[in-house]
Amino acid sequence: MKEVIDAIAIATGAALMWLGIRRAWSMRSAVQQAGYCTLLKVLLGLMLFFLMGYLFSIWAILTHHSAWLHSIVAFVFLFGSMFVLLTLWLTQRTTEQILHYSQHLEGLVQERTEHLHQALRQQQQLKRYFEQLFDGMPVACFTYDRDGVIREWNQEAESLYGFTAQEVIGKTIYETFCRPEDVEATRAVIARVFGGEAVRNVEWQDRTKDGETKWVLCSTFPLIDTDGQVVGAISANIDITERKAQEQLIEAQRDELEAQNDQLQQITARLAEANARLERIAHTDGLTGLINHRSFRDRLGREFFYALRREQPLSVVLLDVDHFKQFNDTFGHQAGDEVLRLVANTLRHFEDDLRCAARYGGEEFVVLLPGSDVHESLDFAEQIRQRISEIPCCYRQITVSLGVSTLALHTVNPETLIEEADQALYVSKREGRNRVTHAAHAGIRVDTLPEEEWLSRLQQAVQDPGGLAEQQVFSQLAYDVLQTRRRLISGACSSACGRMPCRLHMWEQAVGERLYGDTDAYHQLHEAHERMHGMIREGVSEPEVLESVCELIIENLQQLRAESDLRHQRAA
């Protein structure tokens, strides 16, 4: 009975083992895809081992060998078979899960593959868009790699350089349009671009297919991939040949203009030098080198007005060479000219920033002494006389007679100051020559301007508005106002002004109302003038009041003079 049970158990185990082997063998493809091929081989080996054990056990039972061994082997192999079958069941379940997961992975792979295909299609579409955009750009563009090999070439590049895309793609920049002398500079730019730098607005000279050289404005930029690596570069080029030609033309014209300007400056400098010489000739006495009579009178007028306005002394020294005619008659005119030059050189030693000497006419000289009063001017004149008398001369001793005058309350204008000095000079001559006479010490006094002469000047001013006569009239009116102020302050105004008609009133009646009656400056001048006469009648001498009234009169006189000059210029 036991043997029957053992045989049945062993036979059952053998059958199950055979079924397990067949099942495992049928799963080899799925297990291989899942990556469990080695495990399957191990299981198959165990199942074959157990199958052989079952067969051995059956043989032992049939040959009646050791019953207890038979039973143990039978039970071991039975439980082993159950273990193997359980392992197969677990393996099958695992394989089913693996297959399910594999199917899921296959679905994900298909989905990702579809997305990848879609991305590739979009990339291709974007590439086509880029190619169309690149090819249709209105600027000559091309791409190149690190070695300068051209990869893409658009239509504008074909138009600019004359090369087709088939002719340049695959060739380097250096062998197509780069000039030999620009190769090193081009390599340096490419190195900068592939270093990640954008190079903008570089002006090059490139060659075209037909050998023509064109100026281009080049900007080149690096092309960077998703990893941040520079994989290429794109260059945009604009033809600026015409612009450069215009710039060169402008540069040539500018050089020409600069050359002409240099010539003009040289001509202007020579003209200025000539004008300066003419100015010196116009203001300088040709024989002595001192300023001439005209320049001296202009300087005297300015210093006279300044002295009156600033309450400063002013003196004039007039001198004449004694017996000058004898020099000419005895020794000739060249000797006379030499004497005049010796006297002029002596006077020049006395000149400084204020004092100036001039040849007044013939053998007469004059020296202007701003800031010098009676005593100072006398001392100065005596020094001149002494110095001239010491001049070494091969003919005979040179002496001069001098007359001096100083600005005083009675002085009417610069002409009367010169007149007083001239009269003092003739006093020196009458008294024996080689001496100095001051007009104040000799009782010489020129304090009037004849009414007829003044009216004549006014008539000339009316006939020649803006001319010299009118300028002299305005100057005289300013002198009168300033002298009246000085007399008011000194208390001598009533005695000095009461003996002569007011020249400003005469000007108003003869000229002012007729020419300037419609101007504000004239009305302000008239009001200030009447106010001054009121102060004369009342004896008012406050300095501040006098100063404001005089300044107002002077200011309006200057404005009327400027308006007269302007009208004269417009009429001319």
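The values are calculated or read from the model by the stated rules, or taken from the named source; none is laboratory data. If you're wondering where the values come from, they're calculated on a predicted model, not measured in any experiment. Positions of Cβ are backbone-derived with ideal geometry, glycine not excepted, and every protein chain shown enters the neighbour counts.
Condition first: charged (D, E, K, R) and within 27 Å of Asp227 (Cβ to Cβ). Now tell me which residues in the stretch 145-200 satisfy that. Can you show your working first?
Within the stretch 145-200, the subset charged (D, E, K, R) is 145-147, 151-152, 156, 158, 167, 171, 175, 179, 181-182, 184, 187, 192, 197, 200.
Scanning the stretch 145-200 gives Asp145, Arg146, Asp147, Arg151, Glu152, Arg187, Arg192, Glu197, Arg200.
Residues in the stretch 298-317: is at least one over 48 Å from the mean Cα position of the chain (by Cα) and small (Gly, Ala, Ser)?
Here is the first cut: in the stretch 298-317, the residues over 48 Å from the mean Cα position of the chain (by Cα) are 308, 311-317.
Checking which are small (Gly, Ala, Ser) leaves us with 315.
Yes, because at least one residue in the stretch 298-317 is over 48 Å from the mean Cα position of the chain (by Cα) and small (Gly, Ala, Ser).
Do any residues in the stretch 374-385 that are in contact (Cβ under 8 Å) with a residue 24 or more places away in the chain have Cβ atoms under 8 Å from those of residues that are part of a helix (DSSP H, G or I), where the two are at least six apart or on different chains, and which pairs are they?
Ile384/Thr346; Ile384/Leu347
Exactly one condition in (1) over 17 Å from Leu488 (Cα atoms); (2) at pLDDT below 90; (3) assigned to a helix (DSSP H, G or I) is false for Asp518; which is it?
(3)
Out of the residues in the stretch 324-361 that are assigned to a loop (DSSP other than H, G, I, E, B) and surrounded by 15 or more Cβ atoms within 10 Å (Cβ to Cβ), state the one that is farthest from the chain's Cα centre (by Cα). First the steps, then the outcome.
Going through the stretch 324-361, the residues assigned to a loop (DSSP other than H, G, I, E, B) turn out to be 332, 349-355.
Now narrow it down to the ones that are surrounded by 15 or more Cβ atoms within 10 Å (Cβ to Cβ): 350, 355.
Values: Phe350: 50, Arg355: 46 Å.
Within the stretch 324-361, the match that is farthest from the chain's Cα centre (by Cα) is Phe350.
Tally up the residues in the stretch 444-489 that are touching an Asp or Glu at 6+ places or on another chain (Cβ under 6 Å) and in a helix (DSSP H, G or I), please.
Applying the first criterion (touching an Asp or Glu at 6+ places or on another chain (Cβ under 6 Å)) to the stretch 444-489 yields 444, 446, 461, 466.
Next, only the ones that are in a helix (DSSP H, G or I) stay: 461.
Residues flagged as touching an Asp or Glu at 6+ places or on another chain (Cβ under 6 Å) and in a helix (DSSP H, G or I) within the stretch 444-489 amount to 1.
Any residue in the stretch 530-553 that is among the charged types (D, E, K, R) sitting within a Cβ distance under 7 Å of a residue that is in a helix (DSSP H, G or I) and surrounded by 14 or more Cβ atoms within 10 Å (Cβ to Cβ)? List the pairs, counting only those 6 or more apart or interchain.
Listed by first residue and then by second, the contacts come to Arg531/Val549.
Take the stretch 478-515 and flag every residue that is modelled with pLDDT of 85 or more and within 51 Å of the chain's Cα centre (by Cα).
Ala478, Tyr479, Leu482
Within the bounds of the stretch 394-405, is there any residue that is modelled with pLDDT of 95 or more, within 28 Å of Val481 (Cβ to Cβ), under 60 Å from the mean Cα position of the chain (by Cα) and assigned to a loop (DSSP other than H, G, I, E, B)?
No: the stretch 394-405 contains no residue that is modelled with pLDDT of 95 or more, within 28 Å of Val481 (Cβ to Cβ), under 60 Å from the mean Cα position of the chain (by Cα) and assigned to a loop (DSSP other than H, G, I, E, B).
Out of the residues in the stretch 511-540 meeting the condition of being among the β-branched types (Val, Ile, Thr) and under 19 Å from Leu482 (Cα atoms), tell me which one is surrounded by the most Cβ atoms within 10 Å (Cβ to Cβ). Break it down stepwise before answering.
Start the filter on the stretch 511-540 by keeping residues that are among the β-branched types (Val, Ile, Thr), which leaves 511, 519, 536, 540.
Filter once more, so that each one left must be under 19 Å from Leu482 (Cα atoms): 536, 540.
Working: Ile536: 18, Val540: 15.
Only one residue fits best here, namely Ile536.
Take Leu525 and tell me if it is modelled with pLDDT of 80 or more and over 24 Å from Pro450 (Cβ atoms).
Considered against the rule, which asks whether it is modelled with pLDDT of 80 or more and over 24 Å from Pro450 (Cβ atoms), Leu525 comes out as yes.
Do we find that Gln423 is assigned to a helix (DSSP H, G or I) and more than 30 Å from Ala528 (Cβ to Cβ) in this structure?
Answer is yes for this residue.
Just one of Glu530, Glu538, Glu542 is assigned by TED's automatic domain parsing to the domain that holds Glu563, at pLDDT 85 or above, charged (D, E, K, R) and over 55 Å from the mean Cα position of the chain (by Cα); which is it? Can you show your working first?
Details: Glu538 fails: at pLDDT 85 or above; Glu542 fails: at pLDDT 85 or above.
From the options Glu530, Glu538, Glu542, the qualifying one is Glu530.
If you check Arg294, Arg277, which single one turns out to be part of a helix (DSSP H, G or I), without any contact (Cβ under 8 Å) to a residue 40 or more places away in the chain, touching a His at 6+ places or on another chain (Cβ under 9 Å) and surrounded by 11 or more Cβ atoms within 10 Å (Cβ to Cβ)?
Arg294
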